[in-house]
Each structure stands twice: as structure tokens, then as C-alpha cells.
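Enquirer: Here it is, the structure, as C-alpha cells.
The values are calculated or read from the model by the stated rules, or taken from the named source; none is laboratory data. Everything quoted here is computed from the prediction, not taken from an experiment. Cβ coordinates were reconstructed from backbone atoms using ideal geometry, including for glycine residues, and neighbour counts include every protein chain displayed. The protein model used for the area step is the full one, side chains on, heavy atoms only, and it has no ligands, DNA or RNA in it. Shrake-Rupley method; radii C 1.70, N 1.55, O 1.52, S 1.80 Å.
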Amino acid sequence: MVAVKVCGLTRVADAVLAADLGASAIGCVFWDKSPRFVVPSVAARIRASLPSHVGMVGVFVNASRAWIEEVRSEVGLNGVQLHGDETQEFCESLSGDVIRAVTLENENDLDDLVGLSKTVTLLLDAHDPVRRGGTGRVVNWTLAARLAARRRLFLAGGLRAENIAEAVRMVRPYGVDISSGVESQPGVKSKQLMRKFFSAMADV
């Protein structure tokens, strides 16, 4: 079964709905340049609203190890997701589960990504050095499928109810990461779009 992580959450009600609909994890963004940014105290309230079987991931961009560990402790994060220019050594030095956002522009990138440490789970997203995710842009699913066949992968980038079944069938990822595709505005999830998305996932 494909795992679903709903990312960019800023409200308790949205997190509760995501969990009720079947999300395996939710994500909160701790990068203050993001429109989905939340402070740790808000994220802690969101975390407290989740059942024990639903994980919580913190999204960081070029953050210090001290800040990541401080947030992890205050919020109770199960894992961290890195969307910046962090080195492989930095990723490997963090405790707990680590997800690293990567881009795949052409076939030449495949071997480099496959060669990254297997202790880190990859999240494939569209390239955007400014917004660092949540762009709504779809990645190349053909290349994504080749990467997913060789290592554990979360697929992100422009996923929504209308294309999720095709994306999963083509790529066969370990999991999918959904953010802007279920939003009414950045950081505010739409109940209708979330229900529609999970309904589409049920048909995969």
C-alpha cells in the first residue's frame, strides 16, 4: 500500500481530517520564507491532535542542526525532511528518519541519486530554488519510475486527485507527498479536495 504524507499543514482541523482519511504522516514547514511556515508551538498542538499511528515530519531548508533538534524535541517529530542544499554528510548526521528532497532533471542525475546513502529516504519534487517545494509542478514520471525501481522514494510535485492514480501506476513509489494539490490557499487544506484525493487513492 502506498503511503500518503500530507504536507504544509498549519491547522489542527486539517491534520485531524488527513489522519481520518488515511494519511500515514503529515508535514509541517519550519522555514520562515514559506507561506506554509508554522512556529513550533503551533506544530506541537497539531502533533498532539494526531493518533499515535500517524507520524509527523518537520520540513527544513538549510537549517542548523541545533534548530532541527530543538524543533524535533519541542514538537515530537518522527522525522525531518530537508529541502535545502544540505550535504550528504549533514543528512547522515541527523538522528531519526531523514527525508531528502531531490530533483531529477535528466537521465544523468539517476546514478547520482541512486548512489546517495540508503539511510536517507528520497523525496522527488520539481526543481525550484526559491520556493523549495509546494509549486504544483509535475515531475517527469518516466524518470521517476526508474529511480523508484532502484530505491525507496516519495513522489511529490503537482499531485492531485485527477492525476494521482496514473502517477502511482507509472512510478510505483513507496509513498506520495501532497500539498498544494489539496489546498484552497497555501497552508489551508480544502476538505473537499482532501476527500477527493484520498478517494482517488483508494482506486489505485
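Enquirer: Solvent-accessible area of Lys191, probe 1.4 Å, all protein chains present, reported in Å² to the nearest ten, please.
Expert: Estimated to the nearest 10 Å², Lys191 gives 130 Å².
Enquirer: From the Cα gyration tensor of the chain, with a ≥ b ≥ c the square roots of its eigenvalues, which class applies: rounded if a/c is under 1.5, or else prolate if a/b is larger than b/c, or else oblate?
Expert: Numbers: a/c = 1.59, a/b = 1.06, b/c = 1.50.
Judged from the Cα gyration tensor, the chain comes out oblate (a/c at least 1.5, b/c at or above a/b).
Enquirer: Rounded to the nearest 500, what is the 222 nm mean residue ellipticity of the chain from helices alone, with -39500 (n - 2.57) per DSSP H run of 4+ residues and division by all residues?
Expert: Details: 8 runs with 67 residues, N = 204.
My calculation for the chain gives -9000 deg cm²/dmol from helical runs alone.
Enquirer: Say the dipole of segment 1-156 comes from +1 at the beta carbon of Lys and Arg and -1 at that of Asp and Glu; which of Val61, Val80, Leu116 then lies farthest toward its positive end?
Expert: Going by the Cα projections, it comes out as Val80.
Enquirer: Hey, any idea what % of the chain's accessible area is carbon plus sulfur with a 1.4 Å probe?
Expert: Numbers: 4530 of 9360 Å².
Summing carbon and sulfur atoms, their accessible area is 48 percent of the total for the chain.
Enquirer: For Asp97, enumerate residues with amide H under 5 Å from its amide H, sequence gap 5+ or separate chain, H modeled in the peptide plane.
Expert: Sorted by chain and number, the residues that satisfy this are Val80.
Enquirer: On to the next question. As a test, work out the antiparallel percent of DSSP beta bridges whose residues both lie in the chain, rounded to the nearest 5.
Expert: Values: 2 of 32 bridges.
The answer is about 5 percent antiparallel.
Enquirer: Cα gyration tensor of segment 1-69, axes a ≥ b ≥ c as square roots of the eigenvalues: rounded (a/c below 1.5), prolate (a/b > b/c) or oblate?
Expert: prolate
Enquirer: Scan segment 1-35 for trypsin sites (Lys or Arg not before Pro) in coil per DSSP, keeping those whose Cβ has at most 13 other Cβ atoms within 10 Å, and list them by number.
Expert: Lys33
Enquirer: Kyte-Doolittle cut-off -0.5, length cut-off 30 Å along the helix's own axis using Cα: show which whole DSSP H helices in the chain pass.
Expert: Answer set is empty.
Enquirer: Mind grabbing the accessible area of Val120 for me, 1.4 Å probe, Å², rounded to tens?
Expert: We get 10 Å² for Val120.
Enquirer: Right, another one. Taking segment 1-108, which GluC sites (Glu not before Pro) meet the DSSP loop condition and have no more than 16 other C-beta atoms within 10 Å?
Expert: Answer by residue number: Glu105, Glu107.
Enquirer: Another question about this same structure. So how exposed is Asp97, as accessible area in Å² (1.4 Å probe, rounded to 10)?
Expert: The accessible area comes out at roughly 110 Å².
Enquirer: Rolling a 1.4 Å sphere over the protein heavy atoms, what is the accessible area per residue of segment 47-204, to the nearest Å²?
Expert: 48 Å²
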